[in-house]
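Inspection log for the structure reproduced underneath, given as structure tokens.
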Amino acid sequence: MQLVNPVATQLGGLIQRKQAELALKKANQDLRLIASLDHLTLLVNHRKLDEYLNQKWEQLRE
């Protein structure tokens, strides 16, 4: 029983950490989406256009 409690505590900490990592990943995805849209028109903004053009340029170079 003495071994189970520390292992359970550590496992609980790992689960909480993984949940926090997933929440952070989702928040970053949301922020990237917000940063790439014009809020008035909901069209992509200049930053997103630049990313798209750079991606296509790199694909053409391959």
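Read-outs throughout are calculated quantities, based only on the coordinates presented, and are distinct from any laboratory measurement. Bear in mind that the values here come from a model prediction, so they are computed numbers and not experimental data. All Cβ positions, glycine included, derive from the backbone under ideal geometry; neighbour counts span all protein chains shown.
General remarks:
- Helix 46-61 and the longest principal axis of the C-alpha atoms of the chain enclose an angle of approximately 90°.
- Diffusion of the chain by Stokes-Einstein, at 37 °C in a medium of 0.692 mPa s and with Rh set to the Kirkwood radius over alpha-carbon pairs, works out to 215 µm²/s.
- Net charge, residue 25 excluded, C-beta distance under 13 Å - Lys, Arg +1, Asp, Glu -1: +2
- Ranked by the mean number of other Cβ atoms within 10 Å of their residues, highest first, the peptides 13-22, 53-62 fall in the order 13-22, 53-62.
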